[in-house]
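Comments concern the structure below.
Computed from the coordinates by the stated procedures, all read-outs in this text should not be read as laboratory data. None of the values given here were measured: they were computed from a predicted structure. All Cβ positions, even for glycine, are placed from backbone atoms using ideal geometry, and neighbour counts span all protein chains on display.
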Amino acid sequence: MNNCIYHPKSPLNWNWLEFSGPDTQDFLQRLTSIDVKNLTPCEGRPGFFLNAHGKIQAYFTLWFIKSNEYAFEFNAGSGSIWKQKLLRLIDQYTFSEKFCLNETNQNLFAPTWILLNSEKILTLNTYRTKTLPHGLRLNNHGTQSFDLYWYTLWGAFSEKQKWLNQTFLSNSVPQEITLETIEKLRIAHMTPCVDHEITENTIPLEIGLKMHIADNKGCYPGQEVIERITSLGSPSRRLIQIEGTGLLPFPGEKILNLLDNIEIGEVTSVMRENGKFLALGIVKKLFANHGTSVKLQNGSNAIILKVSSYV
């Protein structure tokens, strides 16, 4: 795929929330899945707030801007529900800590996604952030989400356009794509998304996001459950990618065992391409096997192409 850009807009609700103060590091180290104390300035990591049952309460990339200054970058979801959850969590766990939250003005500091075939183009390493002139900020999220190098560029629209024209030259600025294309890339790469695969009932290990939980960082909410699941071998549910023909399923559609029509899970995301559909779903681990045929509630047949890793 060629280099491209996307300007997030409804229903994708991309947010930036600044978090600063003398107690920010200790607060984040104690309550998130990230080893915050070992982040270096201008480094970032995806992570979670989990509850005592190991289920996701908030999902974000945390950027360490400089001493005592961090920022959450995240999809706030439909109706900004996930942003509200994040703010409530911070308020719930705050006692006498000294820090403040700053919600940015989206008219002055809005996101643009840049998807590139090579990391050499922008010379910014994976999970690094840097300040650019004219109030711009560039973050490199690496290739884990789209199999392309994914950058987020924040700032005023006019300044972003100038920077893009100068960086890529006016005749080679990446082509603009739609949310539909973003979704196709995401589903093809089995990348979980809030309000789809990521819900309050989801444990990170079920959807292939174990890599966003730091090992040996010390205690955090949900740690015992995560370690217990890891020691037992696998979570009770797994994220799968299925391909099928027939009627297009919808998120929430039941996935059935082909032999006896027993419900084994549900579809979470779907796209149609070349006369077939490709979908993500979460199913019971006993049925999460590559090559297994399944049936959907609408009568369509499908086959499991991939199963997410839980380690």
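Summary table below
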read-out: Difference of contour (0.36 nm per residue) and Cα-Cα distance, Gln92 to Glu243; value: 50.1 nm
read-out: The chain: antiparallel DSSP beta bridges as a percent of all, rounded to 5; value: 95
read-out: For the chain, the spread of Cα positions along each principal axis, largest first, Å; value: 60, 52, 33
read-out: Length gained when the stretch Ser236-Asn274 is fully extended (0.36 nm per residue, less Cα-Cα span); value: 10.4 nm
read-out: Electrostatic dipole magnitude of the chain [Cβ: Lys, Arg +1; Asp, Glu -1; Cα centre; debye, to 20]; value: 280
read-out: Size-normalised alpha-carbon gyration radius of segment 163-249, reference 2.2 N^0.38 Å; value: 1.58
read-out: Pairs of lysine residues in segment 29-170 - Cα separation under 25 Å, sequence separation of 8 or more or cross-chain; value: 22
read-out: Contour excess over end-to-end distance, with Cα ends at Leu108 and Glu69 and 0.36 nm allotted per residue; value: 12.1 nm
